[in-house]
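Below: the structure, in structure tokens.
The values are calculated or read from the model by the stated rules, or taken from the named source; none is laboratory data. Here the structure is a predicted model, which is why all the values come from computation and not from measurement. In this analysis, Cβ positions are derived from the backbone assuming ideal geometry, glycine residues included, and neighbour counts consider all displayed protein chains.
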Amino acid sequence: MIISARGLRKDFTVTRKVGRFRRERHVVSAVDGVDLTVERGELLGYIGPNGAGKSTTLKMLTGVLYPSAGEVTVCGVEPVAKRTTLAKRIGVVFGQRSQLWWDLPLGESFALLRHIYRVPDTDHAARLTRCTELLGLDEFIHTPVRQLSLGQRMRGELTAALLHGPEVLFLDEPTIGLDVLSKQAVRDFLGELDQRGDTTVVLTTHDLADIEKLCRRLVVIDHGRVVHDGTLDELHTRYRSRRVVVADLDAPWPTDLTLPGAEVTAVEADGHRVTLTLDGIAAGEVVAALARAVPLRDLSVQEPEIEDVIARLYRSEA
Ligand SMILES: Nc1ncnc2c1ncn2[C@@H]1O[C@H](COP(=O)(O)OP(=O)(O)OP(=O)(O)O)[C@@H](O)[C@H]1O
């Protein structure tokens with residue numbers, strides 16, 4: 001495994017004003033005993049509501065923050081103790097911080113990073129060519145960073161984080177605030193990175209499309225604790241997200257008809273359209289039973305919305 005955390009905690013002591021003159025100190029457990037293992041080549045979605053402890057975890061994994069308790073290793077080393085060594089083996093994109101030089105053209109930032117990380121010429125050129133093609137950097141590589149749009153800068157940040165060939169890439173909200181096209185470009189790029197399988201990616205996001213398109217494994221954190229670790233499908237099963245079948249009929253729906261495992265949730269169009277909500281039964285079985293019972297004209301199966309599942313998960317853990 002490339003990342004391992006056991007009982008990882010981070011407590012912050014904060015002061016709060018009580019009345020006019022008094023201040024009270026209290027402890028916020030931002031990360032409250034997180035166990036996490038990530039295998040090489042995985043792409044992991046680390047998600048949760050605002051204030052759940054995602055950024056704080058990432059900061060501990062990258063050596064920016066010292067854990068209050070617990071054990072953590074990334075690439076086999078302890079992040080804070082070996083921060084400089086680790087920096088050569090990981091890439092980091094944190095929305096608020098930039099690794100680029102504001103006044104320099106983007107391409108010159110890349111050249112500087114090559115020197116800092118002492119990347120061999122050929123490796124640098126190969127990685128830059130790949131990023132340029134996949135992220136369309138050509139159009140703005142000679143533009144000073146301060147003049148780039150948010151989407152262009154994020155593409156630059158991703159490239160900067162990858163030029164030294166890191167084993168793990170940590171991304172904190174890489175698509176936040178981007179327009180649809182830039183989001184798509186970033187997502188496609190990460191999808192390609194995942195396909196190649198040589199970089200492990202830990203991604204925090206509030207973007208549900210990112211989750212659906214990219215994250216085979218999801219670790220959901222709330223109030224500093226892991227509340228789900230598994231696939232998106234497992235999340236659907238756990239929260240009993242239900243598929244819906246909508247059928248258009250050539251004859252009115254017989255009101256006394258019942259289908260096992262499916263609940264009739266709407267009858268419309270003078271009985272010619274029926275909506276069935278499935279409860280743990282395969283859509284195929286319901287469709288077959290429907291076809292035997294009524295004359296079907298048209299049919300659609302709607303997948304549960306990931307928004308609903310995640311919202312339900314956050315609500316139930318609150
Ligand atoms: N330096 C700090 N001092 C005091 N409290 C902090 C500090 N950093 C984070 N916190 C608190 O720790 C908790 C977790 O914050 P964190 O930024 O890790 O959440 P997050 O899941 O990344 O949230 P978001 O999705 O809003 O970015 C919050 O209650 C936050 O207020």
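Among the residues making up region 109-155, those that are among the hydrophobic types (A, V, I, L, M, F, W, C) and assigned to a loop (DSSP other than H, G, I, E, B) are VAL119, ILE141, LEU148.
Quick check, is GLU167 in contact with a Ser or Thr (Cβ under 9 Å, 6 or more places away or on another chain) and of a type in the set (D, E, K, R)? Yes; evaluated as a whole, the condition is true for this residue. Being under 25 Å from ILE3 (Cβ atoms) and not β-branched (Val, Ile, Thr), is that true of even one residue in region 142-149? No; the residues of region 142-149 include none that is under 25 Å from ILE3 (Cβ atoms) and not β-branched (Val, Ile, Thr).
Residue-wise test of (1) modelled with pLDDT under 95; (2) within 21 Å of the chain's Cα centre (by Cα); (3) assigned to a helix (DSSP H, G or I); (4) among the charged types (D, E, K, R).
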{"site": "PRO67", "(1), (2), (3), (4)": "no, no, no, no"}
{"site": "GLY70", "(1), (2), (3), (4)": "no, no, no, no"}
{"site": "PRO79", "(1), (2), (3), (4)": "no, no, no, no"}
{"site": "THR84", "(1), (2), (3), (4)": "yes, no, yes, no"}
{"site": "GLN96", "(1), (2), (3), (4)": "yes, yes, no, no"}
{"site": "GLN99", "(1), (2), (3), (4)": "yes, no, no, no"}
{"site": "TRP102", "(1), (2), (3), (4)": "yes, no, no, no"}
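In this entry, TYR117 passes the filter for residues that are out of contact with any Asp or Glu (no Cβ under 6 Å at 6 or more places or on another chain), surrounded by fewer than 22 Cβ atoms within 10 Å (Cβ to Cβ) and in contact (Cβ under 8 Å) with a residue 40 or more places away in the chain. When residues in region 162-196 are screened for being assigned to a helix (DSSP H, G or I) and either out of contact with any Gly (no Cβ under 6 Å at 6 or more places or on another chain) or more than 19 Å from SER98 (Cα to Cα) (or both), 16 of them pass. Listed by first and then second residue, the pairs with beta-carbon distance under 7 Å, at least 6 apart or on different chains, first residue in region 277-294 and within 27 Å of GLU234 (Cβ to Cβ), second buried (at least 17 other Cβ atoms within 10 Å of the Cβ) and among the aromatic types (Phe, Trp, Tyr), form an empty list. Say whether the condition of being under 10 Å from the mean Cα position of the chain (by Cα), within 24 Å of GLY76 (Cα to Cα) and touching a residue at least 24 places away in the same chain (Cβ under 8 Å) is met by at least one residue in region 185-200. No, region 185-200 contains no residue that is under 10 Å from the mean Cα position of the chain (by Cα), within 24 Å of GLY76 (Cα to Cα) and touching a residue at least 24 places away in the same chain (Cβ under 8 Å).
Scanning region 48-66 for residues that are more than 9 Å from the ligand (Cβ to nearest atom) and within 28 Å of ARG315 (Cα to Cα) gives MET60, LEU61. From the list ARG196, ARG225, ARG217, the lone residue that is modelled with pLDDT of 90 or more, surrounded by fewer than 18 Cβ atoms within 10 Å (Cβ to Cβ), within 15 Å of the ligand (Cβ to nearest atom) and over 26 Å from SER300 (Cβ atoms) is ARG225. Tell me, please, whether a residue that is out of contact with any His (no Cβ under 8 Å at 6 or more places or on another chain) and within 15 Å of the ligand (Cβ to nearest atom) can be found in region 74-85. No, the conditions are met nowhere in region 74-85. Between ALA69, ALA81, the distinction of being touching a residue at least 40 places away in the same chain (Cβ under 8 Å), farther than 29 Å from LEU190 by Cβ and either of a type outside the set (D, E, K, R) or surrounded by fewer than 16 Cβ atoms within 10 Å (Cβ to Cβ) (or both) belongs to ALA69 only. Of the residues making up region 20-40, those that are more than 16 Å from the ligand (Cβ to nearest atom), more than 19 Å from VAL220 (Cα to Cα) and modelled with pLDDT of 90 or more number 1.
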